[in-house]
Amino acid sequence: MNEKELIASRAAALLRPGWVVNLGIGIPTMVTRFVDRDSVWFQTENGLLGVGPPPEPDRLDPNLVDAGKRPVTERPGASYFDSATSFAMIRGGHVDAVVLGALQVDERGRVANWAIPGEPVLGVGGAMDLMSGARNVIVVMTHTTKDGSSKLVRECSLPLTSLRPVTWIVTELATFQADGAGLALVECAPGVSPETVRAKTAARYRELVPRGRDGAA
Amino acid sequence: MGSEPGTAGTPGAKLISADAAVGRAVQDGMTLMVGGFGLVGAPLTLIRALNASPRKDLTIISNNLGEPGKALGQTLRLGKVRRGIGSFFTSNPEVAEARERGELQITLIPQGTLSEAIRAGGAGLGGFYTPTGVGTLLAEGKEVREIGGKLCLLQEPLRADVALVRAHKADRLGNLVYYKTARNFNPMMATAADVVIAEVDEVVEAGGLDPEAISTPHLFVDYLVLAEERL
């Protein structure tokens with residue numbers, strides 16, 4: 001399993017049977033590989049509840065896509081709806097979880113994920129609506145940027161997507177939980193010690209990971 | 001809006017060509033709503049007619065401005081778009097370039113706020129308060145109010161002079177049925193413009209659509225155009 005698959009699999013383990021889940025673009029889409037598709041309802045904001053697996057090449061329908069514009073199928077019991085209804089589901093708290101990528105998360109659990117450094121700010125899509133309305137927000141991202149700096153920061157230097165804190169942050173090194181009190185380390189990835197996580201994390205957090213399990217040597 | 005003189009007793013939309021519909025309804029400087037999530041559910045035949053017309057200085061309300069050179073991306077390339085209002089323009093790099101050159105103004109609105117603002121425009125509402133975007137760059141200049149312990153932003157409604165929408169089937173009255181994820185913004189846009197032109201795959205006789213399946217009742221639709229261009 002590569003780094004991204006590891007992140008996706010750990011995020012998938014946080015989803016509960018029966019949940020309605022919206023997936024962002026990138027690592028989030030890989031979550032589908034690690035869940036039983038019959039146990040979770042995937043919602044896509046362009047208007048489908050009950051997203052099924054990608055179609056066979058000869059069954060491709062250009063008018064049936066997910067929010068990343070990838071061809072998908074409908075599972076039995078699926079429904080189609082317009083964009084206003086879709087965002088009523090999202091803003092109205094009817095979606096149990098959203099899994100989305102992030103550029104930075106601050107130590108209060110706030111996310112920056114819509115404005116890319118050095119590029120004009122021309123796209124927000126549904127990110128802000130999902131952040132404001134989903135019951136649980138699961139951020140999946142690599143722990144550090146390409147130059148090795150922590151994406152878990154004390155204060156976001158990039159524009160925030162929402163003031164609302166996320167629920168969980170999953171990286172290849174660890175899983176953090178966010179609440180009113182800030183961030184808490186709740187799990188280390190296999191073979192990763194809490195010390196390694198601390199060395200690679202700029203944000204301050206509490207350590208709730210049981211010692212002697214998971215990564216501890 | 002609605003039927004023209006001489007059609008009394010036969011209310012509903014008129015089936016005409018895309019060129020005729022665009023020529024009749026669209027003027028320079030107008031605000032247009034155009035359906036679609038990317039190219040899915042975009043009225044490609046109507047956009048082609050718009051691109052072939054001399055119309056310019058348009059404000060386009062649409063989730064995106066197409067892809068480079070495709071659909072609304074071509075409208076942009078032809079220099080017809082003065083302003084874009086939508087949620088995601090990143091999929092067409094030419095949007096950033098046109099903005100950089102000072103030829104295009106962009107107003108970015110979160111997707112859920114955009115779809116609801118169009119719905120509000122069609123429903124005759126003065127706007128709504130939403131928690132989406134509070135405390136972000138997109139809240140700048142917007143009224144904030146605490147409602148039920150939650151900070152919310154005022155979003156005003158959106159309306160247009162003309163809406164170009166894509167549906168699957170129509171009957172001769174203009175009742176519309178949509179298809180899978182090609183529905184997206186189209187049903188709201190069909191309610192929120194002075195003149196509504198619907199591009200469809202097929203037009204059947206009145207009574208030929210299941211009334212339970214009709215998403216857009218005919219009173220919203222002025223013209224019908226048969227699709228010639230498809231994904």
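The values are calculated or read from the model by the stated rules, or taken from the named source; none is laboratory data. Computed from a prediction, not measured in an experiment: that's the story for all the values here. Here the Cβ positions follow ideal geometry from the backbone for every residue, glycine too, while neighbour counts run over all protein chains shown.
A few remarks follow.
- Residue that is within 16 Å of residue B:33 (Cβ to Cβ), out of contact with any Cys (no Cβ under 8 Å at 6 or more places or on another chain) and more than 7 Å from chain A (Cβ to nearest Cβ), where the choices are B:151, B:72: B:72
Residue-by-condition table, conditions (1) under 29 Å from residue B:212 (Cα atoms); (2) within 10 Å of chain A (Cβ to nearest Cβ):
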| residue | (1), (2) |
| --- | --- |
| B:133 | no, yes |
| B:137 | no, yes |
| B:140 | no, no |
| B:162 | yes, no |
| B:165 | yes, no |
| B:178 | yes, yes |
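- Residue B:59 out of contact with any helix residue (DSSP H, G or I) (no Cβ under 7 Å at 6 or more places or on another chain), in a strand (DSSP E or B), of a type outside the set (Gly, Ala, Ser) and more than 14 Å from every other protein chain (Cβ to nearest Cβ): yes
Residue-wise test of (1) under 27 Å from residue B:226 (Cα atoms); (2) assigned to a strand (DSSP E or B).
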residue: B:48; (1), (2): yes, no
residue: B:54; (1), (2): yes, no
residue: B:63; (1), (2): yes, no
residue: B:82; (1), (2): no, yes
residue: B:90; (1), (2): no, no
residue: B:94; (1), (2): no, no
residue: B:99; (1), (2): no, no
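- Test result for residue A:44, within 14 Å of another protein chain (Cβ to nearest Cβ), of a type in the set (Val, Ile, Thr) and touching a strand residue (DSSP E or B) at 6+ places or on another chain (Cβ under 6 Å): yes
- In the set (1) outside any loop (DSSP other than H, G, I, E, B); (2) more than 12 Å from every other protein chain (Cβ to nearest Cβ), the condition left unmet by residue A:146 is number (1).
- Any hit, segment A:141-150, residues being within 25 Å of residue B:139 (Cα to Cα) and more than 13 Å from the chain's Cα centre (by Cα): no
- Here the strands (runs of 3 or more DSSP E) wholly within segment B:142-212 that include at least 2 residues being farther than 24 Å from residue B:59 by Cβ are B:144-147, B:150-155, B:169-171, B:202-204.
- Test: residue in segment A:26-45 that is in contact (Cβ under 8 Å) with a residue 60 or more places away in the chain and out of contact with any helix residue (DSSP H, G or I) (no Cβ under 6 Å at 6 or more places or on another chain): yes
- Meets criteria (within 13 Å of chain A (Cβ to nearest Cβ), buried (at least 20 other Cβ atoms within 10 Å of the Cβ), part of a strand (DSSP E or B) and within 17 Å of the chain's Cα centre (by Cα)) for residue B:118: no
- Strands (runs of 3 or more DSSP E) wholly inside segment A:155-212 containing at least 3 residues that are under 19 Å from the mean Cα position of the chain (by Cα) and surrounded by fewer than 21 Cβ atoms within 10 Å (Cβ to Cβ): A:182-188
- Checking each residue in segment B:83-100 for being surrounded by fewer than 16 Cβ atoms within 10 Å (Cβ to Cβ) and either away from chain A (no Cβ under 12 Å) or not charged (D, E, K, R) (or both) picks out B:83, B:93.
- Residue A:110 vs. criteria crowded, with 20+ Cβ neighbours inside 10 Å and at pLDDT 95 or above: yes
- Residues that are in a strand (DSSP E or B), surrounded by 15 or more Cβ atoms within 10 Å (Cβ to Cβ) and more than 12 Å from chain B (Cβ to nearest Cβ) within segment A:76-97 comprise just one, A:97.
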